[in-house]
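One structure is given here, and the rest of the page talks about it.
The values are calculated or read from the model by the stated rules, or taken from the named source; none is laboratory data. Because the structure is predicted, anything quoted here is derived from the model rather than measured. Don't worry about glycine lacking a Cβ; one is built from the backbone with ideal geometry, like all the others, and counts go over all protein chains shown.
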Amino acid sequence: MNSRWRLLLWLTLFSVAMAYVEATVVVYLRQVHYPENLLRLFPPAILTGQELLIELGREVATVVMILGVALLAVRGLMSVFAAFVYVFGLWDICYYVWLRATIGWPVSWREWDILYLIPWAWLGPWIAAAAIAVMFTIWGGWVLARGLAYRFTPRAALYFAGGALLGIAAFLQPAAPYLLRGLDAFAEFEPGGFWWPLYLVGYGLMAAGLALVLGSGQRR
């Protein structure tokens, strides 16, 4: 086994294991906040100030761990970025796989999830987040396996950044109206319409940006 495939193997094992840890934490949180039904997520439970700070810290720590592994695994900005999105994507996919295996959630493809809490709640169908994770995993794995020198051209960077912003906006929009009414109003939230057109445009732009990067590959 050459060094590139050995790298991918260990990054994969780390992603799967970390996803299991993340999923078990979420199972415990659901046992605390939704003891009557672990499959129910909406209307969402309101965290206390201390619980919210702990949860925000956990989310930041997760990103730091993934970034730390990427920085330790490879050298060079593009390789680090590829390793980061590969681990992030595979971790996110396996997170849902482990939740399904342990408590039977998600129940359906259209089910909504609370994806992230910074700067406020990211909300949307879990499949929308998983689709981005699949794209990241495939792209990051391809870049790492090929061992070529890739770069973000200005055009590729513009496409990817613009698409990412549109995707984030689609996830942030559902909770935005509740922010004006205060945190307690968020307890009334029920999944409704998701801005699929905005999300799909953003997804397409991100995919186009990453595809342009692949076209820049050269032998080292």
With L90, L99 as the choices, which residue is surrounded by 15 or more Cβ atoms within 10 Å (Cβ to Cβ), of a type outside the set (D, E) and under 24 Å from A45 (Cα atoms)? L99
The correct count of residues that are loosely packed, with under 12 Cβ neighbours inside 10 Å and touching a residue at least 60 places away in the same chain (Cβ under 8 Å) in region 205-220 is 3
Condition check for L71: among the hydrophobic types (A, V, I, L, M, F, W, C), closer than 22 Å to L148 by Cβ and in a helix (DSSP H, G or I): yes
Reported set for region 170-195 where residues are among the hydrophobic types (A, V, I, L, M, F, W, C) and in contact (Cβ under 8 Å) with a residue 12 or more places away in the chain is A170, F171, L172, A175, A176, L179, L183, F186, A187, F189, F194, W195
Select from region 48-87 the residues that are among the hydroxyl-bearing types (S, T, Y) and surrounded by 14 or more Cβ atoms within 10 Å (Cβ to Cβ) and write down the one among them that is modelled with the highest pLDDT. Y86
Return yes or no: is G202 within 19 Å of the chain's Cα centre (by Cα), more than 21 Å from A83 (Cα to Cα), outside any loop (DSSP other than H, G, I, E, B) and without any contact (Cβ under 8 Å) to a residue 60 or more places away in the chain? yes
Top-ranked residue of region 1-28 - restricted to ones that are out of contact with any helix residue (DSSP H, G or I) (no Cβ under 8 Å at 6 or more places or on another chain) and in a helix (DSSP H, G or I), ranked as farthest from G147 (Cα to Cα): Y28
Determine which single condition I114 fails, assuming it passes every other condition in (1) among the β-branched types (V, I, T); (2) within 22 Å of A164 (Cα to Cα); (3) surrounded by fewer than 17 Cβ atoms within 10 Å (Cβ to Cβ); (4) touching a residue at least 12 places away in the same chain (Cβ under 8 Å). (3)
Take the residues of region 115-134 that are modelled with pLDDT of 95 or more and of a type in the set (V, I, T): which is farthest from F42 (Cα to Cα)? V134
Only residues that are over 24 Å from L7 (Cβ atoms) and either in a helix (DSSP H, G or I) or among the acidic types (D, E) (or both): list them for region 144-155, please. P154, R155
Hey, can you tell me all the residues within region 30-47 that are without any contact (Cβ under 8 Å) to a residue 40 or more places away in the chain and surrounded by 11 or more Cβ atoms within 10 Å (Cβ to Cβ)? Q31, H33, Y34, R40, L47
Got at least one residue in region 188-195 being in contact with a helix residue (DSSP H, G or I) (Cβ under 6 Å, 6 or more places away or on another chain) and not hydrophobic (A, V, I, L, M, F, W, C)? no
Give me the residue from region 187-209 that is among the aromatic types (F, W, Y) and in contact with a Leu (Cβ under 8 Å, 6 or more places away or on another chain) and, out of that set, nearest to G140 (Cα to Cα). Y199
